[in-house]
1. Consider only pairs whose beta carbons are under 7 Å apart and that are at least six residues apart or on different chains; among these, list those whose first residue lies in the range 78-99 and is buried (at least 19 other Cβ atoms within 10 Å of the Cβ) and whose second residue is modelled with pLDDT of 95 or more and small (Gly, Ala, Ser).
2. Considering only the range 16-42, state which residues are touching a strand residue (DSSP E or B) at 6+ places or on another chain (Cβ under 9 Å) and on the phi > 0 side of the Ramachandran plot.
3. Which residues, counting only those in the range 27-69, are part of a loop (DSSP other than H, G, I, E, B) and within 17 Å of the chain's Cα centre (by Cα)?
4. Restricting to the range 43-95, name every residue that is among the small types (Gly, Ala, Ser) and either under 12 Å from GLU30 (Cα atoms) or in contact with a strand residue (DSSP E or B) (Cβ under 8 Å, 6 or more places away or on another chain) (or both).
Amino acid sequence: MEKEIVNRVANSKLITLDLETFYPKGDRFEIDLSQWLEHGLILRETPFRNALKAHNWEMYRDGFVAITCHSDAIVPAWAYMLVSAFLTDIAKTTVVGSLENLETLLFKDSLNALDLQTLKDRPVIIKGCSNLPVPPSAYVWAAQRIQTVAKSVMYGEACSSVPIFKK
């Protein structure tokens, strides 16, 4: 006599949280200020302003932009501010730093919008594998936010999870 296979995970109160679903859709761009510096090192205000005025800012429309400088130049804060002024009504989000910094900020904003009430007193597993670039900080922030309401927090897959927190 064959016994019916029961999917205990599907029948449990376990909630799987896939951080990939928090990945904001949109193009990512990096603007390197060194392209507008003399010899990649010296910022001269008038040529810098003229180069910014001539730049095609529309290419960043509705995208996420990281402003950085890949040379060893000392770039004043106003230069980053000036570039961001051109992006204000064009880009969704602008940060100073790397594309990794940008992803980290985007995930932080997305995770802050998470409705915790749906996780209240429930076991939650934060899915470990993803096809999109989920920064390590996102896992930390998710665990910290979720443990304030969840019964337990685990990492991985239902068949092989690592316990992180339990009330």
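The values are calculated or read from the model by the stated rules, or taken from the named source; none is laboratory data. For clarity, every value in this text was computed on a predicted model and none was experimentally measured. A quick note on method: Cβ atoms are made from the backbone with ideal geometry, for glycine too, and the neighbour counts reach across all protein chains shown.
1. Hits for this filter: ALA91/GLY63; THR94/SER84; VAL95/ALA66.
2. Listed by number, the list holds a single entry, GLY26.
3. Selection gives ASP27, ASP62, GLY63.
4. Once the filter is applied, which keeps residues that are among the small types (Gly, Ala, Ser) and either under 12 Å from GLU30 (Cα atoms) or in contact with a strand residue (DSSP E or B) (Cβ under 8 Å, 6 or more places away or on another chain) (or both), the range 43-95 yields GLY63, ALA66, ALA73, SER84, ALA91.
Results for (1) outside the structural domain of MET59 (by TED's automatic domain parsing); (2) over 9 Å from the mean Cα position of the chain (by Cα); (3) crowded, with 17+ Cβ neighbours inside 10 Å; (4) aliphatic (A, V, I, L, M), shown as yes or no for each residue.
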{"position": "LEU116", "(1), (2), (3), (4)": "yes, yes, no, yes"}
{"position": "LYS120", "(1), (2), (3), (4)": "yes, yes, no, no"}
{"position": "ILE126", "(1), (2), (3), (4)": "yes, yes, yes, yes"}
{"position": "ASN131", "(1), (2), (3), (4)": "yes, yes, no, no"}
